[in-house]
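Q: To start, I am sharing the structure in question, which I have written as structure tokens.
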Amino acid sequence: MHKDRETSEQRGERLRQEELKNNPAGNLKDASDRAGSGSLADMAGSLGWKGLGLLILLFMVGLAVGLFFF
């Protein structure tokens, strides 16, 4: 679809994707804000696969440390 004929939702999504490409590490706060008021799917979608993998890894390390000490 051409840029001049896109809907406001499509334009917003396109701009959000461009911002994610320009600033991949800076969207963690945005993702956590969306998760606070949205769903887990919103957070996972805004983090991307690298951010989501890092979040899962941190969760697993935290769980292992918690089980080791308690």
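Q: Residue by residue through the range 55-70, which ³J(HN,Hα) values in whole Hz follow from phi under the Karplus form 6.51 cos²θ - 1.76 cosθ + 1.60 (θ = phi - 60°), with glycine and proline marked x?
A: 3J(HN,Hα) across the range 55-70, in whole Hz: 5, 5, 4, 5, 5, 5, 5, x, 5, 5, 5, x, 5, 5, 8, 10.
Q: If you count, for each residue, the other Cβ atoms within 10 Å and average over each peptide, how do 13-21, 59-67, 47-55 line up from highest to lowest?
A: Per-residue mean Cβ counts within 10 Å order the peptides as 47-55, 13-21, 59-67.
Q: With a Förster radius of 25 Å, plug the Cβ-Cβ distance of Asn22 and Leu54 into 1/(1 + (r/R0)^6) and report the FRET value to the nearest 0.05.
A: FRET efficiency, Asn22 to Leu54: 0.85.
Read-outs throughout are calculated quantities, based only on the coordinates presented, and are distinct from any laboratory measurement. In this text the structure is predicted, and so the values were computed from the model without any measurement. Counting neighbours? That spans all protein chains shown, and the Cβs are built from the backbone with ideal geometry, glycine included.
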